[in-house]
Amino acid sequence: MRVTIDIQSNDSPKDLRALIRYLQDLASTTGDLPDVPPVVEAPPPAPVLTEEPDARTVFAKPLEVPPPAPVMETPPAPPPAPATTPATDRTGLPWDARIHSSTRSLMADGSWKRKRGVHDTEVARVEAELRGGPAVPPPPSTPAAPPPPSSSSSVTFPEFMRKVTAGVAAHRWTLPLVAEACQKAGVAGGIPALAASPDRIGAVLEFLGGE
């Protein structure tokens, strides 16, 4: 009797062991045990990875990051060199504090910048002095106004007001003319202020043309 056994690679070990026992039982009855190859159990299948790997496990060793390159500091720019002030201007005139600006700056034409408020005559005099020429006489000073004439009149303020009233009524004087006479006599407040300065009444009457 010929028995053909077809063993597939996907047969389970349990089925193979059952087959071996069957063959052993068959051999015990027939007295002839066929050569049966040993059953080799297939290794268990590799586990299927169903979860994403943990980054802490994959990258257990920290990555070595090289230190940043040192930043080279740019040295500060050197301060600008101070501008040198020339000793003289384009015309050869030295700087003088009496007529020139304290900044010692030059104009567009190369001459010194003039100091404010200096009269042209003073500028010409100082420039002539600096150049060694004949000195220019200083400008004449403005003569002071003569003091108002002193009053020796004994006219009182009420009498003065009666004279003013009569003069205005006779068209000899006007009130603006009387006020101007008070100003010339040194009474800035006009007729009302003359009451506090009776010593100026005579001077006012003189400016008006007599008592």
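The values are calculated or read from the model by the stated rules, or taken from the named source; none is laboratory data. Remember, it's a predicted structure, so these values are computed and weren't measured experimentally. With ideal geometry, Cβ positions are generated from the backbone for all residues, glycine too; neighbour counts draw on all protein chains shown.
For the range 114-155, the set of residues classified as modelled with pLDDT of 90 or more and polar (S, T, N, Q) consists of T121 only. If you go through the range 64-85 and keep only what is hydrophobic (A, V, I, L, M, F, W, C) and more than 30 Å from R114 (Cβ to Cβ), you end up with V65, A69, V71, M72, A77. Within the bounds of the range 176-196, is there any residue that is polar (S, T, N, Q), closer than 15 Å to M161 by Cβ and without any contact (Cβ under 8 Å) to a residue 40 or more places away in the chain? No.
Pairing each residue of the range 7-22 that is farther than 17 Å from P45 by Cβ with any residue that is at pLDDT 75 or above, provided the two are 6+ apart or on different chains, yields C-beta distances under 8 Å for I7/L16; I7/L19. The residues of the range 86-105 that are in contact with a strand residue (DSSP E or B) (Cβ under 9 Å, 6 or more places away or on another chain), within 20 Å of R116 (Cα to Cα) and part of a loop (DSSP other than H, G, I, E, B), listed by number, are D89, L93, W95, D96, I99, S101, R104, S105.
Candidates are the residues of the range 98-126 that are within 34 Å of the chain's Cα centre (by Cα) and either surrounded by 15 or more Cβ atoms within 10 Å (Cβ to Cβ) or among the aromatic types (F, W, Y) (or both); the one that is farthest from T85 (Cα to Cα) is K115.
Of the residues making up the range 64-93, just one is of a type in the set (A, V, I, L, M) and surrounded by 10 or more Cβ atoms within 10 Å (Cβ to Cβ), namely L93.
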